[in-house]
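Notes for the one structure printed next.
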Amino acid sequence: MTSPQTPGIAAGRLSQDQLARNFDDLHAPYDPHEAAVAADRCYFCHDAPCVTACPTAIDIPLFIRQIATGMPEAAARTILEQNILGGMCARVCPTETLCEEACVRETAEGKPVEIGRLQRHATDSLMTRQGHPFVRASETGKRVAVVGAGPAGLACAHRLAMKGHDVTIYEARPKPGGLNEYGIAAYKTTDDFAAREVAWLLGIGGITIEYGHTLGTEISLAGLRENFDAVFVGVGLAGVNALEIEGATRAGVEDAVSFIGALRQAEDLATLPVGRNVVVIGGGMTAIDAAVQSKLLGAESVTVAYRRPQAQMPASRFEQDLATSKGVRILSGVMPVAIHGNGAATEIELEYTAEGPEGLRGTGETFRLPADQVFRAIGQTLSPVEGLELDGRKIKVTGAGRTSVPGVWAGGDCTPGKDLTVVAVAEGRDAAEDIHAALMGAAP
């Protein structure tokens, strides 16, 4: 984080009471009556399109029917059999572009069944009233190493442990959870839910987490292959793309991922510095999360600058509308060309863009905005992974996560596909099933 002494950037812009209100739960949980009313809107479709739209293929009509008949814990089990991180996914999934967009009610009425909130109601009910819902199988004697305690690694580890294998997770950071712990807006997952969900997940038994172990330094892929029967790599994307413009190294220019991580780990939000005039470069979920939270911390003006038309922003329309409802301005069709200031950032220079025969280009027309804090949210990169073939900038996989190295699987953001928690969970789960089959001699 930038030092509070950087001109224009300061902590404690808002009172503790205002910060508490600003960072309260984005969607209040349903009470039982509200859940019953919401569940009653479901048509319980045969061949339901919402199931097809869910990356983890949860039987959504079934779990909603279970809620409607007063069995939220049974509904939770239906969810968790497919998605062991169903509680977090209920909070952070872009349901508006997945299951809820496909909902027949959305097609017919423009108002879908609120599947995400119903999923949260079910999973919260089970986690607060019951112990772990799954029983571990008899031990197989097989040992599996999982690199990374993010959604993919946790989902893989849980499924393997449930099958009776012993799993050791190697995590570089001091806490598990990956982006669920460090990279998601605080108002989406309140009351330390990410940590509580991991602790609950570990209740299956058979999983050990070793912290402070980074692939390529404290541990090696070769060493893991030698000491374990199988290896799953779920390292995510640790690097941040550079901003290659004049002034990119001025004080006040930071990466959005680090800002969000610092906010998520802050014990007192009043101690977190934020600028008066904040500009976020990028158009994805990370950009929106950084922008909204800057505004909620007390920034006077916050602008998201995206180089393409707003309709092409990776962030969902819901997230865009949330940002503007909090006072964030979205400027589309602009790209940064320079950050000005005397040591520290004071202004950002943006250039209008246009699509041409050779793709996106600058028009030559520029303007400046006040900016004492600039966040880069222009994508993340994979740290080098020894010996694994790449597909572009990510680890190449075939089938259920098999890499180019025998005995090594991978999944999550480090492999091709959408960088979503729910997708990472699906890939970790499916890789675990393939690993289990391979270890037990049931797979080629």
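The values are calculated or read from the model by the stated rules, or taken from the named source; none is laboratory data. Computed from a predicted structure; not experimentally measured. Ideal geometry is used to build each Cβ from the backbone, glycine not excepted, and the neighbour counts take in all protein chains shown. Each accessible area value is taken on the protein alone, full model and side chains, heavy atoms only, with ligands, DNA and RNA left out. Shrake-Rupley method; radii C 1.70, N 1.55, O 1.52, S 1.80 Å.
Side notes on the structure shown:
- Residues of segment 389-439 classified as hydrophobic (A, V, I, L, M, F, W, C) and more than 14 Å from the chain's Cα centre (by Cα), total: 14
- Listed by position, the helices (runs of 4 or more DSSP H) inside segment 12-108 whose residues that are hydrophobic (A, V, I, L, M, F, W, C) and surrounded by 15 or more Cβ atoms within 10 Å (Cβ to Cβ) number at least 2 are 32-39, 49-53, 60-68, 72-82, 86-92, 99-102.
- Among residues of segment 121-140 that are polar (S, T, N, Q), those with a Cβ under 7 angstrom from a residue that is open to solvent by less than 40 Å² (accessible area, probe 1.4 Å) and not in a helix (DSSP H, G or I), sequence gap 6+ or separate chain, pair up as S138/G164; T140/G164; T140/H165.
- From the list R159, R173, the one residue that fits, being open to solvent by 30 Å² or more (accessible area, probe 1.4 Å), without any contact (Cβ under 8 Å) to a residue 40 or more places away in the chain and in the same structural domain as A426 (by the TED database), is R173.
- Count of residues meeting criterion [more than 16 Å from V144 (Cβ to Cβ), open to solvent by 50 Å² or more (accessible area, probe 1.4 Å) and in a helix (DSSP H, G or I)] in segment 223-257: 0
- Residue in segment 383-397 that is within 18 Å of A256 (Cα to Cα), among the β-branched types (V, I, T), part of a strand (DSSP E or B) and in contact (Cβ under 8 Å) with a residue 40 or more places away in the chain present: no
- Scanning segment 293-313 for residues that are open to solvent by 40 Å² or more (accessible area, probe 1.4 Å) and under 13 Å from V280 (Cβ atoms) turns up K295, S301, R307.
- In segment 314-353, residue most open to solvent (accessible area, probe 1.4 Å) [restricted to those that are farther than 30 Å from P112 by Cα and assigned to a loop (DSSP other than H, G, I, E, B)]: N342
- In this structure, A262 does not qualify as surrounded by fewer than 19 Cβ atoms within 10 Å (Cβ to Cβ), in contact with a Lys or Arg (Cβ under 9 Å, 6 or more places away or on another chain), outside any loop (DSSP other than H, G, I, E, B) and modelled with pLDDT of 95 or more.
- Candidate set: segment 407-436, residues that are in a loop (DSSP other than H, G, I, E, B) and open to solvent by 10 Å² or more (accessible area, probe 1.4 Å); chosen: the one nearest to I58 (Cα to Cα): L420
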